[in-house]
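The values are calculated or read from the model by the stated rules, or taken from the named source; none is laboratory data. These figures come from a predicted structure and were not determined experimentally. Cβ: placed from backbone, ideal geometry, glycine included. Neighbour counts: every protein chain shown. These area figures cover heavy atoms from the full protein model, side chains too; ligands, DNA and RNA do not enter into them. Shrake-Rupley method; radii C 1.70, N 1.55, O 1.52, S 1.80 Å.
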Amino acid sequence: MTPRTFQIKSFGCQMNVYDGERMAELLSAQGMSPASNREAADLVVLNTCHIREKAAEKAYSDVGRLRREDGSKPLIALAGCVAQAEGTEAQRRSPMIDIVVGPQAYHRLPEMIAQAGRGARPVDTDMPATAKFEALPARRRASPSAFLTIQEGCDKFCTYCVVPYTRGAEISRQRSAVLEEARELADAGAREITLLGQNVNAWSDGERGFADLIRAIARLDGVERIRYTTSHPMDMDEPLIAAHAEVPELMPYLHLPVQSGSNRILKAMNRSHDAEAYLAILAKMRSARPDIAISGDFIVGFPGETEEDFQATLNIVDEVGYAAAYSFKYSPRPGTPAAVMEDQIAREIMDDRLQRLQERINGHQMAFNRSTVGLSTQILIERKGRREGQMIGRSPWLQSVHVETAAQPGDIIDVTLLSAGPNSMAGAERQKEAA
Ligand code: SAH
Ligand code: SF4
Ligand code: F3S
């Protein structure tokens, strides 16, 4: 039977969110339509994440839950990084999975769905360089803030990380293809574009680098705001820092993970930078753009991490004063060098360190939010708030701002920030002065 309705569930990073949107567009272009709920879906695509053990295990429990009360099940496609990492093994582990499709092969979904309809159990984990982008339909729908993948894969091989294996080698999309997609998104209503890549700032077309691409996108009609994520400290070059000083569309927010404050641990992680180099980059960034908000990622309990190493992490958190940061307990991943290192850290120690780190981060996040109270700025309205007449938008520093306004999603309005919470701000709309 050919499926008529589908549901796609994406987990993990923004690149998976982007891939999920593109798969939905692809299936819609085939005449399928989104199902109102999971029970009603003829096809369910689970777009999975392999970064930590919990995320990967979730994929299989989610598959199990797709069995309906009457014993039937939808057609099930396992996509994303678990699909890439496990390939045919996934179907051995869970025979309910009909299709296994990796992150670089999902443009072949329609064909694979047809094969599955004939009783086959297709698996495609090939990684042809940018074939999928060329095969996907044009962008016709966009939210006010849209994602655009420009770079995929990673050559950095941090010793804890699966991404170089699940997403393959670093590749950049063609500049012309990126600009065309950005134009399509702007025409479809996007005001803000967030450029995505595992190492987005490593983007290059051989001659021109990432900063030049940002400048070109900033010149497109309708693009009011540009963001990018995730950057690697070693690819933060001078032109990119200069762009932050000179391109008004480039928002004052930088997600720059450091992972640990201890040089000994950074070395064991193969991060190719030490704490001092990281801080030096931030100092340059702050002199180019004094109001820039910094966010980051941290891992606690990497093999061999001592209390002293962990203290160094707390110190770097204080030194940077993060506006936001994400922290994770180290999770050993099959096939990565760190998984077989000695001195794996006990769970209780990890729990304790994670809690202390998160408290420290929360304190800085609150302090950052408080420091913006009283500022006059602009927000991009993204969606309705919970209360009647209330809308939620984003400040330049990526804060969620709640405001009473008649403005609609996609509008950019002037606000004054009135009060700060740990995770959001309250603002008041400022009326434009009469001419
Ligand atoms: N390319 C990005 C994002 C990688 S995945 C980068 O280099 O930062 C997102 C985050 O997950 C990482 O920054 C890291 O903090 C975390 N992470 C990756 N592998 C992990 C593992 N094995 N255990 C715990 N956290 C991990
Ligand atoms: Fe993983 Fe490191 Fe690559 Fe980021 S830079 S994706 S953490 S290997
Ligand atoms: Fe997860 Fe793959 Fe993204 S492992 S974090 S979905 S690149």
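If you project the alpha carbons of segment 280-435 onto their three principal axes, what span does each projection cover, largest first, in Å?
69, 35, 26
Explain nothing, just compute: Karplus ³J(HN,Hα) = 6.51 cos²θ - 1.76 cosθ + 1.60, θ = phi - 60°, for every residue of segment 403-412 in order, whole Hz, x for Gly and Pro.
Coupling constants for segment 403-412: 8, 7, 6, 8, 5, 10, x, x, 7, 10 Hz.
For segment 168-279, state the semi-axes of the equivalent ellipsoid (square roots of 5 times the eigenvalues of the alpha-carbon gyration tensor), sorted largest first and rounded to whole angstrom.
Largest first, segment 168-279 gives 28, 15, 12 Å.
Starting from the Cα coordinates of segment 5-124, work out the convex hull volume and express it per residue in Å³.
Enclosed volume per residue, from the Cα hull, is 96 Å³.
Apply the Karplus curve 6.51 cos²θ - 1.76 cosθ + 1.60, θ = phi - 60°, to the phi angles in segment 375-390 and return the couplings in whole Hz, x for Gly and Pro.
Running phi through 6.51 cos²θ - 1.76 cosθ + 1.60 with θ = phi - 60° gives 6, 9, 8, 10, 10, 9, 5, 10, 7, 6, x, 6, 8, 4, x, 9 Hz.
Between GLN378 and residues 5 or more places away or on another chain, which pairs have amide H atoms under 5 Å apart, with H built 1.01 Å from N, and which residues are they?
VAL415
Alpha carbon centre of segment 156-197 versus segment 302-319: separation in Å?
32 Å
Quick one: grab Rg to one decimal and Dmax as a whole number for segment 65-147, Cα atoms only, in Å.
That works out to 14.6, 43 Å for Rg and Dmax.
Ignoring ligands, DNA and RNA, what percent of the accessible area of the chain is carbon or sulfur (1.4 Å)? Numbers along the way, then the final one.
Details: 9370 of 19270 Å².
Reported share for carbon and sulfur atoms: 49 percent.
Looking only at Cβ-Cβ distances, which cysteines of the chain have no other cysteine closer than 4.7 Å?
Cysteines lacking a close Cβ partner in the chain: CYS13, CYS49, CYS81, CYS154.
In whole Hz, with x marking every Gly and Pro, tabulate ³J(HN,Hα) for segment 190-200 from phi via Karplus 6.51 cos²θ - 1.76 cosθ + 1.60, θ = phi - 60°.
Values per residue, Gly and Pro as x: 6, 9, 10, 10, 9, 7, 10, x, 4, 9, 4 Hz.
Return a whole-number percent for the relative contact order of segment 104-193, with Cα pairs under 8 Å and 6 or more residues apart as the contact set. It would help to have the intermediate numbers written out before the result.
Details: 97 pairs, mean separation 29.6, N = 90.
Across segment 104-193, relative contact order equals 33 percent.
Just want to confirm a number: the relative contact order over the chain, from Cα pairs under 8 angstrom separated by 6+ residues, in percent. Write out the running numbers ahead of the final one.
Numbers: 888 pairs, mean separation 42.4, N = 435.
This gives 10 percent for the chain.
Along each principal axis of its Cα atoms, how long is segment 132-371 end to end? Whole angstroms, biggest number first, please.
Projected onto the principal axes, the Cα atoms of segment 132-371 cover 52, 43, 31 Å.
Just to check, using Stokes-Einstein with a Kirkwood Rh over alpha carbon pairs, what's the diffusion coefficient of the chain at 20 °C and 1.002 mPa s in µm²/s? Don't skip to the end; give the middle numbers.
Working: Rh = 23.1 Å.
Approximately 93 µm²/s, per Stokes-Einstein.
Quick check: Cα centre of segment 361-435 to Cα centre of segment 98-132, how many Å?
43 Å
Determine one quarter of the surface area of the Cα convex hull of segment 114-190, which equals its mean projected area, and express it in nm² to one decimal.
Values: hull surface 29.2 nm².
Computed as one quarter of the Cα hull surface, the answer is 7.3 nm².
Counting residues in segment 376-429 as N, plug N into 2.2 N^0.38 Å and put the Cα Rg over that result. Show your work: numbers first, answer last.
Working: Rg = 9.5 Å, N = 54, 2.2 N^0.38 = 10.0 Å.
For segment 376-429, the normalised Cα radius of gyration is 0.95.
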